[in-house]
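The values are calculated or read from the model by the stated rules, or taken from the named source; none is laboratory data. Predicted, not measured: the structure shown is a model, and the values here were computed from it. Please note: Cβ atoms are built from the backbone with ideal geometry, for glycine as well, and neighbour counts cover all protein chains shown. The area values use the complete protein model at the heavy-atom level, side chains included, leaving out ligands, DNA and RNA. Shrake-Rupley method; radii C 1.70, N 1.55, O 1.52, S 1.80 Å.
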Amino acid sequence: MRQAKAPRSKAGPPVPRRGPGRSGWGAMGRPCYGRRVPGASGITEEGRERTRTLVRVAGLLRREAVSLLAATALLSLGAVLALAYPQGVRFIVDGAIAGRDPAELVRAALLLGGLSVAGRSILFMLAGERGVRRVREQLFQSLISQEVAFFDAARTGDLVSRIGADSASLQGLLSTYLAMALRHTITTLGALVLLLVTSPRLTGLMLLVVPAVALGAVHYGRKVRALGRRYQDAVADASHVAEEAFSSVRTVRAYTAEALEVERFGAATGAAYQAARRRAIAAGTFMGAASAGVYAAAAAVVGYGGLLVARGALSAGALTAFLVYTLLVAMSLGGLADLWAEGMRSLGAAEKVLALLDRVPAMPLTGGARPACAGAIVYEAVRFAYPTRPEAEVLQGVDLSIGAGEVVALVGPSGAGKTTLGALLCRLYDPTSGAVRLDGRDLREIDPAWLRGQMGVVPQEPVLFSASVEENVRYGRPGARGEEVVAACRAAHAHEFVSAFPEGYATRVGERGQQLSGGQRQRLAIARAILRDPRILLLDEATSALDAESEALVREALARLMRGRTTLIIAHRLSTVASADRVVVVDGGQVVEVGAHAELLRRPGLYRRLVERQMLGA
Ligand SMILES: Nc1ncnc2c1ncn2[C@@H]1O[C@H](COP(=O)(O)OP(=O)(O)OP(=O)(O)O)[C@@H](O)[C@H]1O
Ligand SMILES: [Mg+2]
């Protein structure tokens, strides 16, 4: 079940993108970093890609340049102070032996050090958070503008973590990591020079160890990066399992599948743990070896240094300073290794974020003609397969024309393609071939936002937002006044139950409207469509969850609403269908019968069979 990744990455249509050389769906879940170009020198290509990513991230954070530069200056000051520190130690040790008072020096150093640390951390954090906020907003804007097919293929959890954790690590890349790397480099190089000045012979001894540690660090960095990616993927899988279980908790409970879900989650966290374990072992082994090397070097330096002091070739203060410098070098190198691993991880995250930021929606939100709308609809040899399942043709050559103001009922067996016909009319998808026309114009020439502005849709599974009743209804027309909202609710026969709530229109409906009954959700969705006052109405099983009496009332309200508007009613119930001007029977992705209810009843065909079944059942 968890295997959905591979088909998903193949499924998408080719999508134009601004970014260089990425495939449209590579942007989605599975990481596209670390790819190597076959044949070519992979590492340089990878390096170039990373440089490009860094440059892009720098571009995103350029408005914080002043803060970041100031913070970097303070950080460099800190590095210089750290380098001066052992000299101070030397001064104090040798001075104490000679009987001098170091209080002035200590005070000045502490003040300067404290201020620089406070200043830089505040500057970095604020600049970083501002940058992250902008990236998050841009990313959300980019994501919400993607075509519907993109969301069919995406995992919500993945998108959410792009906006959350991945965006945050983008900020770390440029601010903290680069600055800390700079600081560690200054410290390492400076300390090495000062080591040489203090005692060339001891330095030579110490340098025997450093290259080995450095090489190990590079190797370790690579390994940890690869293992880290695997770990992150595994964690994402686990979150996905959890998310799915929580959002379908009613189904889980009804089928007493808690243990099964726990097991699934356990398997997912198990995979994450395996990846983490390998990473821990790789990291631990390296750190163990490195610190053994460092201790050995320190022991050798102390031993040899002690000998030099005893011989009078080195002062006690100089040896102390030397040891502190050695410690500085070790810490800075260790810091650099950590930063490297961390930075690589963030680069991976940044690449995913950038890929999504750059993604050009296959279908733009706006742009195109905004003609006057009479409301005549024509489906012309429409063939269609969902992009996520390109091999299954859902509509197989649909020809259908609906006059302006006509009320047409779409009926047919489940899975016939009725909802899909509606989705094409809203231009949630484009036909694979053929065309859908509004007043003779191909929908692809029309501004999609304008088009959707002409339509009121009551979907088969109406979804409400976790907001108040009023806000949910007002979604149909954001500028609507309070009285208009109430009037729409009255027309949809929702006013009675809404005003029976203690909090009335301010009642919160819960996530996806879960705190309402199915019929109540439907009536609010109808109120939303009524409030929109559209040219074209699309009612997909809009009253299916209502009892016969409520349905009759709502139907009467809808009949009033439909007057003069082109209406597509998708319904199974005979009572709803019979009132339509024409009935269109869809089966297996094709229109099989068209005609008035009475006329179709006279013919032996699918419609008559469907109706007879229902009469028998009723
Ligand atoms: N988002 C999607 N991605 C892939 N396939 C889909 C998607 N939505 C629907 N389908 C498939 O398209 C076919 C037609 O579905 P559609 O929802 O249009 O049927 P319907 O006529 O509305 O049925 P019902 O009466 O049950 O609502 C079905 O086989 C379904 O599995
Ligand atoms: Mg349907």
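For the stretch 280-290, taking the residues that are free of Cβ contacts under 8 Å to residues at least 40 places away in the same chain and open to solvent by less than 50 Å² (accessible area, probe 1.4 Å), the one that is farthest from Pro211 (Cα to Cα) is identified as Gly284. Taken over the stretch 547-596, residues that are in a helix (DSSP H, G or I) and closer than 19 Å to Gly405 by Cα amount to 11.
Take the residues of the stretch 501-543 that are without any contact (Cβ under 8 Å) to a residue 40 or more places away in the chain and either within 16 Å of ligand 2 (Cβ to nearest atom) or among the aliphatic types (A, V, I, L, M) (or both): which is nearest to Ala374 (Cα to Cα)? Step through it out loud before you land on a result.
Residues of the stretch 501-543 without any contact (Cβ under 8 Å) to a residue 40 or more places away in the chain: 501-507, 514-515, 517-520, 523, 543.
Now restrict to residues that are either within 16 Å of ligand 2 (Cβ to nearest atom) or among the aliphatic types (A, V, I, L, M) (or both): 506, 518, 543.
On the way: Ala506: 37, Gly518: 33, Thr543: 26 Å.
If we take residues in the stretch 501-543 being without any contact (Cβ under 8 Å) to a residue 40 or more places away in the chain and either within 16 Å of ligand 2 (Cβ to nearest atom) or among the aliphatic types (A, V, I, L, M) (or both), then Thr543 is nearest to Ala374 (Cα to Cα).
Scoring Ala598 on the criteria (1) in contact with a helix residue (DSSP H, G or I) (Cβ under 8 Å, 6 or more places away or on another chain); (2) over 16 Å from Pro413 (Cα atoms); (3) at pLDDT 85 or above; (4) not charged (D, E, K, R) leaves a single failure, condition (1). Close Cβ contacts (under 6 Å, 6 or more residues apart or on different chains) running from residues in the stretch 385-403 that are outside any strand (DSSP E or B) to residues that are more than 16 Å from ligand 2 (Cβ to nearest atom) comprise Pro387/Pro13; Pro387/Ala149; Thr388/Ala11; Thr388/Ala153; Ala392/Ala385; Gly403/Ala376. Pairs linking a residue in the stretch 337-351 that is in contact (Cβ under 8 Å) with a residue 24 or more places away in the chain to a residue that is open to solvent by 30 Å² or more (accessible area, probe 1.4 Å) and outside any helix (DSSP H, G or I), with Cβ atoms under 7 Å and 6 or more positions apart or on different chains, are Gly348/Pro31. In this structure, Ala179 does not satisfy being closer than 13 Å to Leu347 by Cα and at pLDDT below 85. Within the stretch 532-541, restricting attention to residues that are open to solvent by less than 10 Å² (accessible area, probe 1.4 Å) and over 32 Å from the mean Cα position of the chain (by Cα), the residue that is farthest from ligand 1 (Cβ to nearest atom) is Pro534. Here Gly397 clears all of (1) within 16 Å of ligand 1 (Cβ to nearest atom); (2) open to solvent by 50 Å² or more (accessible area, probe 1.4 Å) except the condition numbered (2). For the stretch 404-419, the tally of residues that are within 14 Å of ligand 1 (Cβ to nearest atom) and touching a residue at least 60 places away in the same chain (Cβ under 8 Å) stands at 9. Restricted to the stretch 414-428, and to residues there that are out of contact with any strand residue (DSSP E or B) (no Cβ under 7 Å at 6 or more places or on another chain) and either within 16 Å of ligand 2 (Cβ to nearest atom) or over 15 Å from Phe384 (Cα atoms) (or both), the residue that is most open to solvent (accessible area, probe 1.4 Å) is Ser414. Take the conditions (1) open to solvent by 50 Å² or more (accessible area, probe 1.4 Å); (2) not in a helix (DSSP H, G or I); Leu601 misses just one of them, which is (2).
Restricting attention to the stretch 575-592, and to residues there that are more than 15 Å from ligand 1 (Cβ to nearest atom) and either open to solvent by less than 60 Å² (accessible area, probe 1.4 Å) or touching a strand residue (DSSP E or B) at 6+ places or on another chain (Cβ under 7 Å) (or both), which single residue is nearest to Gly456 (Cα to Cα)? Per the stated criteria, the residue is Ala580. Do we find that Pro31 is exposed (fewer than 11 other Cβ atoms within 10 Å of the Cβ) and either among the hydroxyl-bearing types (Ser, Thr, Tyr) or at pLDDT below 80 (or both) in this structure? Criteria not met by Pro31. Scanning the stretch 348-370 for residues that are within 19 Å of Val436 (Cβ to Cβ) and touching a strand residue (DSSP E or B) at 6+ places or on another chain (Cβ under 6 Å), we see that the one that is least open to solvent (accessible area, probe 1.4 Å) is Ala369.
Mind checking which residues of the stretch 178-228 are among the hydroxyl-bearing types (Ser, Thr, Tyr) and surrounded by fewer than 19 Cβ atoms within 10 Å (Cβ to Cβ)? Within the stretch 178-228, Thr185 is the sole residue that qualifies. Give the residue that is nearest to ligand 2 (Cβ to nearest atom), with candidates limited to residues of the stretch 130-153 that are open to solvent by less than 50 Å² (accessible area, probe 1.4 Å) and within 9 Å of the chain's Cα centre (by Cα). Ranking the candidates gives Leu143 first. Scanning the stretch 444-464 for residues that are within 17 Å of Leu561 (Cβ to Cβ) and polar (S, T, N, Q) returns a single hit, Gln454.
Of everything in the stretch 429-438 that is open to solvent by 10 Å² or more (accessible area, probe 1.4 Å) and more than 16 Å from ligand 2 (Cβ to nearest atom), the residue that is nearest to Ile536 (Cα to Cα) is Arg437. Among the residues of the stretch 295-331 satisfying the criterion of being modelled with pLDDT of 85 or more and among the polar types (S, T, N, Q), which is surrounded by the fewest Cβ atoms within 10 Å (Cβ to Cβ)? Filtering the stretch 295-331 for residues that are modelled with pLDDT of 85 or more and among the polar types (S, T, N, Q), the one surrounded by the fewest Cβ atoms within 10 Å (Cβ to Cβ) comes out as Ser315.
Scanning the stretch 250-265 for residues that are surrounded by fewer than 14 Cβ atoms within 10 Å (Cβ to Cβ) and under 28 Å from the mean Cα position of the chain (by Cα), we see that the one that is nearest to Gly513 (Cα to Cα) is Arg250.
The residues listed here are Ala165, Ala103, Ala127; of these, the one that is away from ligand 1 (no atom under 16 Å from the Cβ), under 29 Å from Gly343 (Cα atoms) and open to solvent by less than 50 Å² (accessible area, probe 1.4 Å) is Ala127. Just one of the listed residues (Val473, Val485, Val498) is under 21 Å from Ala552 (Cβ atoms), in a helix (DSSP H, G or I) and either within 16 Å of ligand 2 (Cβ to nearest atom) or open to solvent by less than 40 Å² (accessible area, probe 1.4 Å) (or both), and it is Val498.
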